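The values are calculated or read from the model by the stated rules, or taken from the named source; none is laboratory data. Note that the structure is predicted; figures quoted are calculated from it, not measured. Every residue, glycine among them, receives a Cβ derived from its backbone with ideal geometry; neighbour counts consider all protein chains shown. We work out accessible area using only protein heavy atoms, side chains counted, and drop any ligands, DNA or RNA first. Shrake-Rupley method; radii C 1.70, N 1.55, O 1.52, S 1.80 Å.
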Amino acid sequence: MKIETVAVHAGHAVDPATGAVAAPIYLSTTFERDIEGTYSRGFMYTRNDNPNRQALERGVSMLEGGEAAAAFASGTGATMSILQALTPGDHILAHIDAYYGTPRLIREIFLRWGLQADFVDMSDLAAVEKALRPNTKLAWAETPSNPLLKIVDLAAVAEIVHKSGVLFVCDNTWAPVLQRPFELGADLVLYSTTKYFGGHCDVAGGIVVTKTDNELFQRTRGIQYEGGAVPSPFDCWLILRGMRTLPWRMRAHSENALKVAEFLARHRKVARVHYPGLRSHPGHEIAARQMSLFGGMLSLEVKEGYDAAMSVVAKTKIFIRATSLGGVESLIEHRASIEGPGTTSPEGLLRLSIGLENADDLIEDLDHALR
Ligand SMILES: *Cc1c(COP(=O)(O)O)cnc(C)c1O
């Protein structure tokens, strides 16, 4: 079946007890034992497993083409569990441009707990090869990156790290459906489902999908219920509901973003536009090879720096000033001030999460705000 069909049906079945077409939400924290003391219906206690979580995990694994998945209460909770599944002394190689919370988690928590880490620009394949160590267990990529939309060649990195027996994780939060990391060599795929999967800025979540049920995934799965950072049944229900429209939403986000990017690239107040769908983008060729469309995220740099950027965000009427991404509503954000001291985001940079409004209205809103 094609991906739109999988998205609608995966993890769903008509409820045999009632005929309900939309899935019920199982709030029950505990499940009845059989007379013999066993659990023949498969559920015991909601932290271990819950019907809504199981449906979400099955649905996302099917969509991604993986063997299994483990859902968490946030994307960060999912990242945390993969890192906790490693052993002190293990080395991680992470992309320098990963979501800023990922290196922060590694530096502030896991280095103290005995993991070793290096951060390299994974668009530089020689640098990846050079940074591998005998104890490297995991390579962590993310593409397109935040907020400069830099592109990593996933297949090329996978080939290099696999030669050393290193597992390859791809944080695919920015490009679900559009980019298929398992087909490009990833062993694990991570999503913050808070973003495009949920799709409506009303639920937080994260998920780890594995291509094969390997040992690292089994430990991650163990940490899910032993560590307890599980999503609620309602959260799981909302995320699986969001997934049903995901392929169509990604198409529309991408179509709108390309129109906005092309408009901004011609605007006299704009110094630079970072969008992999533009031919001028340094990662365009690789992105065109590994993505079916270029996604809904882009950044622009205004010519006159901080003050001009802040005046744009003060003036938009449709774009909402807020962090995060992936919802139906368009968001605008001054990245440097949210990342704080030490940020590498340019002062004049604004990140846009392009929503599902009409692109003409978004363009008019930006044109007015840039004036
Ligand atoms: C938001 C985000 C995360 C973290 O997810 P949360 O759900 O906020 O914990 C991780 N990676 C990427 C690429 C993100 O955009």
Can you pull out every residue in the range 156-191 that is among the β-branched types (Val, Ile, Thr) and either touching a Phe, Trp or Tyr at 6+ places or on another chain (Cβ under 6 Å) or open to solvent by less than 10 Å² (accessible area, probe 1.4 Å) (or both)?
VAL157, VAL161, VAL166, VAL169, THR173, VAL189
For the range 225-236, name all the residues that are buried (at least 21 other Cβ atoms within 10 Å of the Cβ) and over 17 Å from the mean Cα position of the chain (by Cα).
VAL230, PRO233
Failed condition for PRO233, given (1) more than 24 Å from ARG58 (Cα to Cα); (2) modelled with pLDDT of 95 or more, with all others met?
(1)
Given the criterion under 30 Å from LEU184 (Cβ atoms) and without any contact (Cβ under 8 Å) to a residue 40 or more places away in the chain, identify the matching residue among THR18, THR5.
THR5
Residues in the range 261-275: is at least one in contact with a helix residue (DSSP H, G or I) (Cβ under 7 Å, 6 or more places away or on another chain), open to solvent by less than 60 Å² (accessible area, probe 1.4 Å), among the small types (Gly, Ala, Ser) and in contact (Cβ under 8 Å) with a residue 24 or more places away in the chain?
no
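Go over the candidates SER337, SER330 one by one and state the one that is open to solvent by 30 Å² or more (accessible area, probe 1.4 Å) and either within 16 Å of the ligand (Cβ to nearest atom) or of a type in the set (S, T, N, Q) (or both).
After applying the criteria, what remains is SER337.
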Restricting attention to the range 77-103, which residues are assigned to a loop (DSSP other than H, G, I, E, B) and within 11 Å of the ligand (Cβ to nearest atom)?
ASP97, ALA98, TYR99, TYR100
Looking at (1) among the β-branched types (Val, Ile, Thr); (2) closer than 28 Å to GLY283 by Cα; (3) within 15 Å of the ligand (Cβ to nearest atom), which one does THR136 not meet, given that it meets all the others?
(3)
Given the options TYR39, TYR45, name the one that is open to solvent by 50 Å² or more (accessible area, probe 1.4 Å) and touching a residue at least 12 places away in the same chain (Cβ under 8 Å).
TYR45
List pairs: first residue in the range 347-371 and more than 16 Å from LEU258 (Cβ to Cβ), second residue modelled with pLDDT under 95 and of a type in the set (Phe, Trp, Tyr) anywhere in the structure, Cβ distance under 8 angstrom, at least six positions apart or on different chains.
GLU347/TYR306; GLY348/TYR306
Does THR343 satisfy the criteria of being surrounded by fewer than 21 Cβ atoms within 10 Å (Cβ to Cβ), more than 21 Å from ARG249 (Cα to Cα) and under 21 Å from the mean Cα position of the chain (by Cα)?
yes
Residues that are farther than 13 Å from TRP237 by Cα and either free of Cβ contacts under 8 Å to residues at least 12 places away in the same chain or more than 16 Å from the ligand (Cβ to nearest atom) (or both), drawn from the range 48-65:
ASN48, ASP49, SER61, MET62, LEU63, GLY65
Keeping to the range 237-280, report how many residues are more than 20 Å from THR194 (Cβ to Cβ) and within 18 Å of the chain's Cα centre (by Cα).
3
Being out of contact with any strand residue (DSSP E or B) (no Cβ under 9 Å at 6 or more places or on another chain) and either at pLDDT below 95 or hydrophobic (A, V, I, L, M, F, W, C) (or both) is the requirement here; does MET80 meet it?
no
Given ALA309, ALA287, ALA314, which one is part of a helix (DSSP H, G or I), touching a residue at least 60 places away in the same chain (Cβ under 8 Å) and over 15 Å from SER353 (Cα atoms)?
ALA287
So, in the range 1-36, how many residues would count as being open to solvent by 100 Å² or more (accessible area, probe 1.4 Å), within 22 Å of PRO247 (Cα to Cα) and over 26 Å from the mean Cα position of the chain (by Cα)?
1
Among the acidic types (Asp, Glu), surrounded by 21 or more Cβ atoms within 10 Å (Cβ to Cβ) and in the same structural domain as GLN218 (by TED's automatic domain parsing): does that describe ASP124?
no
Taking only the range 115-161 into account, find how many residues are farther than 30 Å from SER254 by Cα, assigned to a loop (DSSP other than H, G, I, E, B) and either touching a Ser or Thr at 6+ places or on another chain (Cβ under 8 Å) or among the hydroxyl-bearing types (Ser, Thr, Tyr) (or both).
1
Out of the range 66-76, which residues are surrounded by 23 or more Cβ atoms within 10 Å (Cβ to Cβ) and within 13 Å of the ligand (Cβ to nearest atom)?
ALA71, PHE72, GLY75
